[in-house]
Amino acid sequence: MYDPQSSKALIEQNVCFYGAGSMAEAIVQGLISRSVILSGQISMLNNSNNDRLKQLEDRYGVRTANDPNKKIEILSKSQIIVLAMKPKDAAEAIRLLSPILSEDQLLVSVIAGLTIETMQSLLGRKQPIARTMPNTSSTIGLGATGISFSKETTEEQQRIVRTMFEAVGTVSIIEEDKIEILTGVSGSGPAYIYYFMEAMIEAGVEGGLTPEQAKELTVQTVLGAARMVAQTGENPADLRAKVTSPNGSTQAAIEVMAKGNVFNTIKAAVFRCAERSKEMGAELEEAIK
Ligand SMILES: NC(=O)C1=CN([C@@H]2O[C@H](COP(=O)(O)OP(=O)(O)OC[C@H]3O[C@@H](n4cnc5c(N)ncnc54)[C@H](O)[C@@H]3O)[C@@H](O)[C@H]2O)C=CC1
Ligand SMILES: O=C(O)[C@@H]1CCC=N1
């Protein structure tokens with residue numbers, strides 16, 4: 001987890017978020033709120049949206065730029081560049097970086113599917129790269145990030161990337177071929193939980209609770225269940241058994257889910273997410289041929 005001691009070095013780096021959307025904002029918000037990096041050392045670049053950049057400047061005190069020359073200046077002076085655009089925009093953006101980067105600048109990608117090999121092909125050289133898969137809960141310091149490093153990264157660069165993401169949650173260092181399944185579990189995972197919550201809230205309201213009550217009860221239930229697993233160390237299956245009285249109301253509910261094959265459907269969704277992430281990588285690889 002976040003170690004304030006090791007975060008000191010990170011403050012010395014200039015970090016540029018190349019792509020200023022929701023994932024970039026989640027990380028920036030987490031980094032700034034935990035004082036891991038000074039806002040003055042963070043730059044955020046977008047494709048075109050001036051209003052969005054102004055909003056980010058006002059909210060976080062970060063530097064932004066829209067002028068092409070200023071963008072190039074910022075990119076060339078940042079020791080760390082976080083690639084945070086959508087996969088479809090990545091090839092063009094990385095190609096633009098190629099003539100600007102020096103060999104010791106570190107690229108940190110959060111882009112789903114995009115492999116280290118494809119990024120290095122686009123750049124035309126073996127740049128040090130950290131391929132990461134965070135999630136949006138980084139906003140509140142409860143993110144879960146998977147990281148794979150290219151061979152070219154130094155120990156110091158690896159330490160900085162770890163520190164950066166440990167400041168906004170937990171970090172798993174993994175081999176690159178595991179990053180798709182990690183995307184299926186934790187990268188996209190918050191969306192599955194929100195989906196589940198949407199259904200619980202809707203059912204509560206249809207059953208007569210006020211929307212506020214249904215939301216509060218659902219939020220506290222999800223929060224409590226996650227904390228129970230984290231704090232007791234017990235398996236979810238054992239904790240579930242404690243809620244489920246024989247022939248009781250929970251059993252009746254779980255039977256409905258089992259009939260709807262919910263367990264296997266969730267597993268299938270995780271695998272499909274991983275597969276889609278691989279497909280997105282293959283599409284990008286194909287596009288640069
Ligand atoms: N949203 C999420 O939960 C997660 C997203 N990711 C990854 O993060 C990346 C960004 O996703 P979001 O933040 O959700 O997307 P988003 O659409 O909110 O943000 C992308 C931003 O990149 C900017 N952009 C596009 N082309 C650009 C260029 N050439 N130069 C500079 N900026 C450019 C766009 O203007 C936009 O503001 C994606 O590749 C996604 O796979 C990874 C983990 C979780
Ligand atoms: O949906 C996506 O493609 C991205 C990757 C993980 C979460 N959102």
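So the values come out like this:
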{"read-out": "Nitroxide proxy distance, nm - points 7 Å out along Cα→Cβ at Asp58 and Asn14", "value": "2.7 nm"}
{"read-out": "Net +/- balance of residues flanking Asp51 in space, Cβ distance below 15 Å, scoring K and R +1, D and E -1", "value": "0"}
{"read-out": "Helix-only mean residue ellipticity at 222 nm for the chain, each DSSP H run of n ≥ 4 adding -39500 (n - 2.57), per residue, nearest 500", "value": "-17500 deg cm²/dmol"}
{"read-out": "Label point distance in nm, Arg125-Val219, each placed 7 Å from Cα along Cα→Cβ", "value": "5.0 nm"}
{"read-out": "Signed unit charges on C-beta, dipole axis of the chain, positive-most listed residue Ala144, Asn69, Ile179", "value": "Asn69"}
{"read-out": "Full-stretch length increase - Lys289, Lys86 - with 0.36 nm per residue and alpha-carbon distance subtracted", "value": "71.1 nm"}
{"read-out": "For the chain: rounded, prolate or oblate by the Cα gyration tensor [a/c cutoff 1.5]", "value": "prolate"}
{"read-out": "Environment charge of Ala252, counting only residues whose C-beta is closer than 15 Å and scoring Lys/Arg +1, Asp/Glu -1", "value": "+1"}
{"read-out": "Span from the the range 262-288 Cα centroid across to the the range 25-50 one, whole angstrom", "value": "29 Å"}
{"read-out": "Accessible area (Å², per residue) of the range 96-242, counting only protein heavy atoms and a probe of 1.4 Å", "value": "53 Å²"}
{"read-out": "Surface share of carbon and sulfur [accessible, 1.4 angstrom probe, percent] for the range 210-289", "value": "60 percent"}
{"read-out": "Ranked packing of 101-114, 189-202, most packed first, by mean Cβ within 10 Å", "value": "101-114, 189-202"}
{"read-out": "Relative contact order (percent, whole number), the range 17-132, Cα cutoff 8 Å, 6+ residue spacing", "value": "23 percent"}
{"read-out": "Efficiency of FRET from Cβ geometry, Ala282 and Thr210, R₀ 41 Å, rounded to 0.05", "value": "0.30"}
{"read-out": "Formal net charge of residues neighbouring Thr265 (Cβ-Cβ distance under 13 Å; K, R +1; D, E -1)", "value": "+3"}
{"read-out": "Helix runs (DSSP H) in the chain reaching 20 Å along axis by Cα, Kyte-Doolittle at least -0.5", "value": "189-206, 211-232, 262-287"}
{"read-out": "Relative contact order computed over the range 134-213 (Cα-Cα under 8 Å; 6+ residues apart), in percent", "value": "32 percent"}
{"read-out": "Reachable aspartates and glutamates, given that their alpha-carbon falls under 17 Å from the alpha-carbon of Lys54 and they are not under 8 places away in the same chain", "value": "Glu25, Asp67"}
{"read-out": "Rg over Rh [alpha-carbon atoms, Kirkwood Rh] for the range 169-289", "value": "1.05"}
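The values are calculated or read from the model by the stated rules, or taken from the named source; none is laboratory data. All of these numbers come straight from a predicted model, not from anything done at the bench. Every residue, glycine as well, gets a Cβ built from its backbone with ideal geometry; the counts of neighbours run over all protein chains shown. The area values use the complete protein model at the heavy-atom level, side chains included, leaving out ligands, DNA and RNA. Shrake-Rupley method; radii C 1.70, N 1.55, O 1.52, S 1.80 Å.
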